[in-house]
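Asks: First the structure, then my questions, so here it is.
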Amino acid sequence: MPKPRKRLAGAAGPAGPDNKGPAGKRTKTKNPAGASATMGNSSPEKTSASKDSGKNLSNYWLMKSEPESRLEKGVDVKFSIEDLKAQPKQTACWDGVRNYQARNFLRAMKLEQEAFFYHSNCKEPGIAGLVKVDVQFVRMMKRYITLAELKTHYQAHKTTGGPLKNMALFTRQRLSVQPLTPEEFNFILSLEEKEPS
DNA sequence: GCCAACGTTGGC
DNA sequence: GCCAACGTTGGC
């Protein structure tokens, strides 16, 4: 549960030193071994282009946020896609992500890239809409794509070799900001047109 | 609300 | 640098 901090007043800048917020306890970070080590791994290392010309890690992402109220150190972490829509410019800074890997992914995101906005830790978890990366609202999904439905496909794909066979939502359970392959992204978009299965 | 999974911390 | 204790995430 990364939480977006709604401070927007003109502050376009990507989250400055703002971590005292809700998520805040991060005083000691030592680390890194894992952090940088993991970065490159999920992508087939484009040998040449590792600069940001664009084809770094991934062009598609999934970001989790909690749509239901929950207090964490006295602060409500609720931030649904409706809350995002209600922001000025329908845009919010995304900070409060503590996990190293998730933070690295966040840094790797480029402005115009698209991400699914996923509702977690709630009655009916699932993908609610599309955003692009600052994070700005793009549109609602044509229908809510539930975790249960995604899981059904994931399980089938594990045996058939379908597009969701390695989806991070299931294989990297607690990662709140995660990359999607184009195949995963497109497959999930295609579900919008179908009956919920 | 429960609790499994898993990341993080810190003693040794 | 191992690993047990602890804290967090997030489905159910």
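Only the coordinates and a few stated rules stand behind these numbers; no lab work does. Please read all numbers here as calculations on a predicted model, not as lab measurements. Every residue, glycine as well, gets a Cβ built from its backbone with ideal geometry; the counts of neighbours run over all protein chains shown.
Asks: Looking at (1) in contact with a strand residue (DSSP E or B) (Cβ under 9 Å, 6 or more places away or on another chain); (2) more than 16 Å from DNA strand B (Cβ to nearest atom), can you tell me which one A:Leu175 breaks?
Replies: Failed condition: (2).
Asks: Take A:Ser176 and decide whether it is touching a helix residue (DSSP H, G or I) at 6+ places or on another chain (Cβ under 6 Å) and of a type in the set (Ser, Thr, Tyr). Outline the logic, then answer.
Replies: Details: touching a helix residue (DSSP H, G or I) at 6+ places or on another chain (Cβ under 6 Å): yes; of a type in the set (Ser, Thr, Tyr): yes.
Considered against the rule, which asks whether it is touching a helix residue (DSSP H, G or I) at 6+ places or on another chain (Cβ under 6 Å) and of a type in the set (Ser, Thr, Tyr), A:Ser176 comes out as yes.
Asks: OK, next. Considering region A:123-133 alone, what residues qualify as being closer than 24 Å to A:Arg70 by Cα and either surrounded by fewer than 16 Cβ atoms within 10 Å (Cβ to Cβ) or of a type in the set (Lys, Arg) (or both)?
Replies: The first filter runs over region A:123-133 and keeps only residues closer than 24 Å to A:Arg70 by Cα, leaving A:123-131.
Those that are closer than 24 Å to A:Arg70 by Cα and either surrounded by fewer than 16 Cβ atoms within 10 Å (Cβ to Cβ) or of a type in the set (Lys, Arg) (or both): A:Lys123, A:Glu124.
Asks: Tell me, yes or no, whether region A:183-192 has at least one residue that is within 16 Å of DNA strand B (Cβ to nearest atom) and outside any strand (DSSP E or B). It would help to see each step written out before you state the result.
Replies: Filtering region A:183-192 for residues within 16 Å of DNA strand B (Cβ to nearest atom) gives none.
Scanning region A:183-192 turns up no residue that is within 16 Å of DNA strand B (Cβ to nearest atom) and outside any strand (DSSP E or B).
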